[in-house]
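Asker: I am attaching a structure below and will ask some questions about it afterwards.
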Amino acid sequence: MTDIVASARQGDVVVITLNNPPVNALSALLRAGLLGVIREAEDDPATSGLVITGTGRGFCGGADIREFDAAPVIPAPALLDLIAHIEDFPKPVVAAIHGMALGGGLELALSCHYRVGLMSASLGQPEIKLGMTPGAGATQRLPRLIGVEPALDLILTGDPITGQEAFSLGLLDKVVAERLVEAAVDFIDEVAATSQPMRKTRELEVELGESDDPEALFDRYRTSIERKARGLIAPGLCIDAVENALRMPFDVAMAAERAMFVVSRDSEQSKAQRHVFFAERQARKIPGLSPDLAAPSIESAAVIGCGTMGSGIAMSFANAGIPVRVVESSPELLERGLAKVRDAFQTRLAKGRITADEFETRMSLIVGTLDHEDIVTADIAIEAVFEDIDLKRQVFTTLDLVCKPDAILATNTSTLDVDEIARITNRPDKVIGTHFFSPAHVMKLMENVRGVDTSDETIAAVMKLSRTLGKVGVLVGVCDGFVGNRMLRAYTRQANFLLEEGALPQQVDRVMYDFGFPMGPFAMGDLAGLDVGWRIRQQQALRRPSTERYSPIADRICEQGRFGQKTGAGWYRYEEGSRTPIPDPEIEELIVEASRELGFERRRIDDSEILERCLYPLINEGAKILEEGIASRPGDIDVIWIYGYGFPVFRGGPMFYADRVGLGTVHATMSRLHAAQGEIQEPAPLLERLAGTGTGFYDA
């Protein structure tokens with residue numbers, strides 16, 4: 001018996017319970033305790049078998065990630081040694097799984113001779129989401145137990161499956177709805193009655209499934225991950241490791257798996273992805289907000305506007321099972337918006353991502369209306385109209401009158417002043433920004449904007465709502481563009497300056513794509529619609545100092561009616577029915593003419609200059625945002641840019657990346673840009689201080 005691992009007898013069966021809250025992580029203490037209890041049972045001839053289970057939220061959530069970068073706390077067995085000891089135990093060992101069995105936790109269960117689980121259990125190998133391959137046998141035991149293709153699907157997606165699904169695959173030997181430990185004990189008695197030798201998963205034959213051409217099978221998987229896994233090392237290593245299960249003896253393949261695990265675990269990519277893992281969880285903790293504060297429940301919603309954003313937001317609520325009423329100003333706009341919703345759900349149905357019943361349920365949760373009186377009972381009303389402050393004032397005046405007194409009023413604005421919007425209501429404490437990202441039913445980020453009067457209860461409710469909707473919520477303060485778009489402006493502004501000096505859109509986009517972004521700034525602009533940014537720039541024109549350097553190129557493109565993919569032309573041209581950007585000689589002529597007018601002698605610009613000049617001003621703006629308190633932590637900025645703007649996850653976000661590059665390097669480039677471009681590129685005081693002391697954002 002130890003504090004972290006307990007054992008008790010149920011008849012002749014020893015029930016071992018992992019007790020390492022909150023997720024029974026496989027820390028050094030737990031591994032040492034578990035091996036000790038197993039050895040005690042091994043020496044007891046009265047023991048007929050072992051059941052291993054967990055307390056609290058689940059069986060075992062996997063390795064203690066914090067130990068990857070720390071010195072060993074105590075002498076403890078490696079997980080591989082513990083697993084080998086369990087598999088070689090001379091009597092039946094059954095894993096009794098409730099809640100989670102993830103990563104090393106599932107590998108621990110795979111070392112047991114049998115597995116019994118609840119229907120609601122969650123089993124998976126999420127290591128790939130942390131930039132790693134499994135390291136304790138999953139790539140070898142899963143193909144033997146459930147077959148190569150299901151094993152690859154489980155490992156490459158990192159997504160968990162339910163206990164019922166695991167049973168249908170053969171991952172669980174028995175699935176129950178209740179009385180889990182009792183069922184596991186009974187299972188040992190059933191096994192003992194058959195007098196069969198212990199079933200070691202390592203000794204099973206690899207199940208290839210229906211494929212008669214293993215080489216073609218693995219090639220197909222490699223091809224299937226090319227786009228999604230671009231720049232990542234772990235997915236390819238995972239496929240290699242599973243292929244080894246088919247081609248090598250178990251022990252040889254295990255040694256190869258372990259080597260791949262060590263390489264991936266120690267890579268900069270994995271360190272970056274583990275950083276994001278912790279930063280995302282840290283973002284849920286709001287400084288100054290009591291963790292005991294009860295968040296008001298949101299059980300019904302209203303969305304004002306059923307355009308691209310409004311329809312996507314409505315779908316997000318329906319996906320979460322929350323009824324939502326969508327208000328539009330005309331029957332034609334409402335019909336068009338609801339048709340967009342239906343088309344999107346039908347696409348998901350056709351691709352097998354939802355069932356026919358789910359399709360009908362989600363459609364039934366979205367109700368359109370032209371009458372604001374129909375939303376009087378909504379717990380939250382989200383405005384999703386055009387980015388025009390006067391229009392938004394009108395909407396909030398109406399919402400303040402018709403919504404129930406305790407309803408939250410939220411704006412989906414991406415740049416406008418939430419405090420100015422709140423001031424026209426009689427409930428500024430219940431006004432907040434909920435900046436969704438397009439397409440809202442797909443993108444994971446919710447940039448939640450607290451106003452000066454926004455109450456703690458409103459903040460808590462919306463942060464909780466983010467998770468309910470399957471989003472990553474990050475709380476930020478009020479400023480022009482908040483965190484994401486304010487930094488985006490610094491990024492795209494520098495990209496435009498590069499065009500004036502000698503680059504072309506396709507070169508800038510290629511450099512940023514090669515860095516890891518899903519697309520460069522100009523292709524991204526065409527996808528989002530250039531008219532959106534043009535409208536915002538027109539509103540900002542009166543506030544822009546006459547001495548500030550400003551590139552007119554994007555405005556001139558919009559003046560020609562080229563708004564991107566939706567008009568068939570923007571920075572690039574697009575063939576009908578295609579989203580593939582094609583460089584356009586007309587745009588090159590326009591850029592060259594602008595360079596001449598602005599007095600620039602065009603020159604050859606290296607890829608390295610493009611990368612630094614696009615990224616470092618973005619980082620510099622992040623430093624200003626931190627110092628102003630608009631973002632609470634550098635990790636919040638990283639999460640926003642990864643989930644909202646496609647910053648490559650394997651680089652950890654802009655602030656993490658800056659620390660890796662060195663803030664002295666970033667500061668030196670910003671100093672050069674400041675001298676050349678003026679005040680807009682002045683190094684942030686925080687950046688200057690940290691660079692001077694040789695520290696980073698995560699040391700501050």
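The values are calculated or read from the model by the stated rules, or taken from the named source; none is laboratory data. Treat the numbers as computed from the prediction; the structure is a model and nothing was measured. For neighbour counting, all protein chains shown are included, and Cβ atoms are generated from backbone atoms with ideal geometry for every residue, glycine included.
Asker: How about the range 148-266: which helices (runs of 4 or more DSSP H) wholly inside it have at least 1 residues that are within 24 Å of Ile83 (Cβ to Cβ) and assigned by TED's automatic domain parsing to the domain that holds Ile86?
Answerer: Ranges flagged: 148-157, 163-169, 180-194, 234-247, 250-265.
Asker: Right, another one. Quick check on the range 402-421: of everything there that is hydrophobic (A, V, I, L, M, F, W, C) and touching a helix residue (DSSP H, G or I) at 6+ places or on another chain (Cβ under 8 Å), which residue is nearest to Gly312 (Cα to Cα)?
Answerer: The extreme case among them is Ala410.
Asker: Among the helices (runs of 4 or more DSSP H) confined wholly to the range 497-547, which include 3 or more residues that are buried (at least 18 other Cβ atoms within 10 Å of the Cβ) and not hydrophobic (A, V, I, L, M, F, W, C)?
Answerer: 505-515, 521-528
Asker: Of (1) touching a residue at least 40 places away in the same chain (Cβ under 8 Å); (2) over 28 Å from Gln565 (Cα atoms); (3) not charged (D, E, K, R), Ser466 satisfies all except one. Which?
Answerer: (1)
Asker: With the checklist (1) part of a loop (DSSP other than H, G, I, E, B); (2) surrounded by 13 or more Cβ atoms within 10 Å (Cβ to Cβ) in hand, flag the one item Ile382 doesn't pass.
Answerer: Only one criterion is unmet by Ile382, namely (1).
Asker: Mind checking whether some residue in the range 28-39 is more than 29 Å from Ala192 (Cα to Cα) and assigned by TED's automatic domain parsing to the domain that holds Gln196?
Answerer: Checked against the condition, which is being more than 29 Å from Ala192 (Cα to Cα) and assigned by TED's automatic domain parsing to the domain that holds Gln196, the range 28-39 yields at least one hit.
Asker: Report yes if some residue within the range 171-187 is crowded, with 24+ Cβ neighbours inside 10 Å and under 21 Å from Ala255 (Cα atoms); otherwise report no.
Answerer: No: zero hits.
Asker: Of all the residues that make up the range 123-174, how many are within 15 Å of Gly103 (Cβ to Cβ) and acidic (Asp, Glu)?
Answerer: Number of matching residues: 2.
Asker: Please work out which residue is farthest from Glu127 (Cα to Cα), limiting yourself to the range 267-296 and to residues that are more than 14 Å from the chain's Cα centre (by Cα) and either assigned to a helix (DSSP H, G or I) or among the β-branched types (Val, Ile, Thr) (or both).
Answerer: Out of the qualifying residues, it is Ile286.
Asker: List the pairs whose first member sits in the range 331-354 and is more than 17 Å from Ala440 (Cβ to Cβ), whose second member is among the small types (Gly, Ala, Ser) and surrounded by 15 or more Cβ atoms within 10 Å (Cβ to Cβ), and whose Cβ atoms are under 7 Å apart, counting only residues at least 6 apart or on separate chains?
Answerer: Going by the 7 Å Cβ cut-off, the qualifying pairs are Leu334/Gly368.
Asker: Answer yes if at least one residue in the range 570-582 is within 19 Å of Arg493 (Cβ to Cβ) and not in a loop (DSSP other than H, G, I, E, B), and no otherwise.
Answerer: There is no residue in the range 570-582 that is within 19 Å of Arg493 (Cβ to Cβ) and not in a loop (DSSP other than H, G, I, E, B).
Asker: Another one. In the list Gly310, Gly305, Gly337, which residue meets the criterion of being under 25 Å from the mean Cα position of the chain (by Cα), buried (at least 20 other Cβ atoms within 10 Å of the Cβ), more than 28 Å from Lys129 (Cβ to Cβ) and of a type outside the set (S, T, N, Q)?
Answerer: Of Gly310, Gly305, Gly337, the one residue that is under 25 Å from the mean Cα position of the chain (by Cα), buried (at least 20 other Cβ atoms within 10 Å of the Cβ), more than 28 Å from Lys129 (Cβ to Cβ) and of a type outside the set (S, T, N, Q) is Gly310.
Asker: Being assigned to a strand (DSSP E or B), crowded, with 24+ Cβ neighbours inside 10 Å and either modelled with pLDDT of 95 or more or of a type in the set (A, V, I, L, M, F, W, C) (or both), is that true of even one residue in the range 414-430?
Answerer: Checked the range 414-430: no residue is assigned to a strand (DSSP E or B), crowded, with 24+ Cβ neighbours inside 10 Å and either modelled with pLDDT of 95 or more or of a type in the set (A, V, I, L, M, F, W, C) (or both).
Asker: I've got another one for you. Taking only the range 277-302 into account, find how many residues are surrounded by fewer than 13 Cβ atoms within 10 Å (Cβ to Cβ) and either hydroxyl-bearing (Ser, Thr, Tyr) or on the phi > 0 side of the Ramachandran plot (or both).
Answerer: Matching residues across the range 277-302 total 3.
Asker: Another one. Does Ile86 count as touching a residue at least 12 places away in the same chain (Cβ under 8 Å), surrounded by 15 or more Cβ atoms within 10 Å (Cβ to Cβ) and either over 23 Å from Pro134 (Cα atoms) or not hydroxyl-bearing (Ser, Thr, Tyr) (or both)?
Answerer: The answer is yes for Ile86.
Asker: Starting from the range 589-613, take each residue that is within 25 Å of Met487 (Cα to Cα) and list its partners that are surrounded by 15 or more Cβ atoms within 10 Å (Cβ to Cβ) and aromatic (Phe, Trp, Tyr), counting only C-beta distances under 8 angstrom and pairs at least six apart or across chains.
Answerer: Pairs found: Leu611/Phe515; Arg613/Phe497.
Asker: Looking at the range 109-132, can you tell me whether even one residue there is surrounded by 24 or more Cβ atoms within 10 Å (Cβ to Cβ), part of a strand (DSSP E or B), aliphatic (A, V, I, L, M) and in contact with a Leu (Cβ under 7 Å, 6 or more places away or on another chain)?
Answerer: yes
Asker: I'd like to verify a number: residues in the range 647-682 that are over 30 Å from Asp266 (Cβ atoms), of a type outside the set (Ser, Thr, Tyr) and surrounded by fewer than 22 Cβ atoms within 10 Å (Cβ to Cβ), how many?
Answerer: 10
Asker: Within 26 Å of Ser414 (Cα to Cα) and in contact with a helix residue (DSSP H, G or I) (Cβ under 7 Å, 6 or more places away or on another chain) - does that describe any residue in the range 662-681?
Answerer: yes
Asker: While we're here: Among the residues of the range 478-486, are any more than 25 Å from Ala314 (Cβ to Cβ) and assigned to a helix (DSSP H, G or I)?
Answerer: Yes, that holds for at least one residue.
Asker: Exactly one of these conditions fails for Pro439: (1) in a loop (DSSP other than H, G, I, E, B); (2) modelled with pLDDT of 95 or more; (3) within 23 Å of Asn319 (Cβ to Cβ). Give me its number.
Answerer: It is condition (2) that Pro439 fails.
Asker: Restricting to the range 77-92, name every residue that is within 16 Å of Val15 (Cα to Cα) and either outside the structural domain of Thr53 (by TED's automatic domain parsing) or part of a helix (DSSP H, G or I) (or both).
Answerer: Result: Ile86, single match.
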